[in-house]
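Contents: one structure, followed by commentary.
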Amino acid sequence: QVQLMESGGGSVQAGGSLRLSCTASRTIYCMAWFRQSPGSERQGVARMDVVHSVADYDDSVQGRFTASHDKANNTLSLQMNSLNPEDTAVYYCAARRDWPCQPMAVWDASDDTTWGQGTQVTVAS
């Protein structure tokens, strides 16, 4: 069973940047970032194909967020630039063993997804 440890959350002003990190206890081929605001469903933010180092993004963060993976340390990072108040949420790292990687909707609905503990990101206006 893989374990996920998140770090990097905090509070910033609108237009600022934060970098989140998620370290897995072992190599895993599909990893992702989700977020959830109060009263909202959990939303997929970015998904990483670790084998090929290819990421895709939700339209709401396209061009502002960049996911990257450090294979030596089993660490998935999310560089978040040009943050706005709508980005305020608890951000969750996730991992799955499936290959190829499943659509984001499957991750949230399946018991086979491993979740990090969540880290709060707050963007002040």
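The values are calculated or read from the model by the stated rules, or taken from the named source; none is laboratory data. What you see is a predicted model; the values in this text were computed from it and never measured. We place every Cβ from the backbone using ideal geometry, glycine too, and count neighbours over all the protein chains shown. The area values use the complete protein model at the heavy-atom level, side chains included, leaving out ligands, DNA and RNA. Shrake-Rupley method; radii C 1.70, N 1.55, O 1.52, S 1.80 Å.
Summary of values
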{"read-out": "Some residue of the range 102-114 being surrounded by fewer than 20 Cβ atoms within 10 Å (Cβ to Cβ), touching a helix residue (DSSP H, G or I) at 6+ places or on another chain (Cβ under 9 Å) and within 29 Å of Gly10 (Cβ to Cβ)", "value": "yes"}
{"read-out": "One residue from Glu6, Glu86, Glu41 being open to solvent by 70 Å² or more (accessible area, probe 1.4 Å) and closer than 14 Å to Val121 by Cα", "value": "Glu86"}
{"read-out": "Any hit, the range 14-21, residues being open to solvent by less than 10 Å² (accessible area, probe 1.4 Å), within 20 Å of Asp112 (Cα to Cα) and either modelled with pLDDT under 95 or touching a Gly at 6+ places or on another chain (Cβ under 8 Å) (or both)", "value": "no"}
{"read-out": "Looking only at the range 44-54, and only at residues there that are open to solvent by less than 30 Å² (accessible area, probe 1.4 Å) and among the small types (Gly, Ala, Ser), the one that is farthest from the chain's Cα centre (by Cα)", "value": "Gly44"}
{"read-out": "Hey, Ala55 out of contact with any Leu (no Cβ under 9 Å at 6 or more places or on another chain), among the aliphatic types (A, V, I, L, M) and in contact (Cβ under 8 Å) with a residue 12 or more places away in the chain or not", "value": "yes"}
